[in-house]
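Colleague: Sharing a structure here in structure tokens format.
All of the numbers you see were taken from the coordinates with simple rules; none came from a lab. Predicted, not measured: the structure shown is a model, and the values here were computed from it. Ideal geometry is used to build each Cβ from the backbone, glycine not excepted, and the neighbour counts take in all protein chains shown.
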Amino acid sequence: METIRLTGESAVLTASVASSFATRARGLLGRPRLEAGQGLLIEPCNSVHTWFMRQPLDLVGLGRVAEGTAEVTWLSQDVRPWRFRWARRGTRSILDLPSGEIERSKLRVGDQLTVEG
């Protein structure tokens with residue numbers, strides 16, 4: 001699985017990219033817990049479920065990546081196991097992060113993230 005780095009004004013995140021049918025379907029199931037600064041970018045994606053998850057998640061919706069940048073379109077914090085979330089219009093991919101990471105990295109809707117990798 002490809003790994004990318006996302007950086008913003010105060011955010012520095014490393015994410016594995018789930019872009020095939022199999023990796024998107026598996027998501028975080030059966031994977032180790034996410035640590036601070038780590039995530040899983042699911043693309044394309046406009047909804048997420050946390051069924052069978054062992055940890056709450058922060059979810060970050062990202063618009064289309066153009067010229068190495070992505071805009072934050074939607075945020076959902078501390079999503080507990082057994083929940084479902086639809087992203088807002090314009091979301092092309094969703095970044096799964098450990099709960100509390102949105103606040104730690106001070107992400108806000110409209111932020112531009114640089115995508116490297």
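Colleague: Based on the alpha-carbon gyration tensor of the stretch 70-116 and its eigenvalue square roots a ≥ b ≥ c, which shape applies: rounded if a/c is under 1.5, prolate if not and a/b is larger than b/c, or oblate?
Modeller: It comes out oblate by the Cα gyration axes.
Colleague: Once you put a point 7 Å from the Cα of Thr14 and another 7 Å from the Cα of Trp51, both along the Cβ direction, what distance in nm separates them?
Modeller: 3.2 nm
Colleague: Given Cβ point charges of +1 (Lys, Arg) and -1 (Asp, Glu) and nothing else, what value in debye, to the nearest 20, does the dipole of the stretch 3-116 about its Cα centre take?
Modeller: Roughly 480 debye, rounded to the nearest 20.
Colleague: Normalising by the residue count of the stretch 3-116, find the relative contact order in percent from Cα pairs under 8 Å and 6+ residues apart.
Modeller: Answer for the stretch 3-116 is 33 percent.
Colleague: What value, in deg cm²/dmol to 500, does the helix sum -39500 (n - 2.57) over DSSP H runs of n ≥ 4 give at 222 nm once divided by the residues of the chain?
Modeller: -2000 deg cm²/dmol
Colleague: Are there GluC sites (Glu not before Pro) in the stretch 1-94 that DSSP marks as loop and that have at most 13 other Cβ atoms within 10 Å, and which are they? Before the final figure, lay out the partial values.
Modeller: Values: sites: Glu2, Glu9, Glu35, Glu67, Glu71; in loops: Glu2, Glu9, Glu35, Glu67.
Within the stretch 1-94, the qualifying GluC sites (Glu not before Pro) (loop, at most 13 other Cβ atoms within 10 Å) are Glu2, Glu9, Glu35, Glu67.
Colleague: Would you mind computing Rg(Cα) / (2.2 N^0.38 Å) for the stretch 42-108, counting N as its residues?
Modeller: Numbers: Rg = 11.5 Å, N = 67, 2.2 N^0.38 = 10.9 Å.
For the stretch 42-108, the normalised Cα radius of gyration is 1.06.
Colleague: Taking 0.36 nm per intervening residue step and subtracting the Cα-Cα distance, what contour gain separates Thr114 from Ala25 on full extension?
Modeller: Full extension from Thr114 to Ala25 adds 29.4 nm.
Colleague: Once you have all Cα-Cα distances for the chain, histogram them in 5 Å bins from zero and send the whole-percent values.
Modeller: 2, 13, 25, 29, 21, 9, 1, 0
Colleague: Step through the residues of the stretch 81-98 one at a time and calculate ³J(HN,Hα) from phi using the Karplus curve (6.51 cos²θ - 1.76 cosθ + 1.60, θ = phi - 60°), rounding each to whole Hz and writing x for Gly and Pro.
Modeller: In residue order, the calculated couplings are x, 6, 10, 9, 9, 8, 7, 6, 3, x, 7, 10, 8, 10, 9, 8, 10, x Hz.
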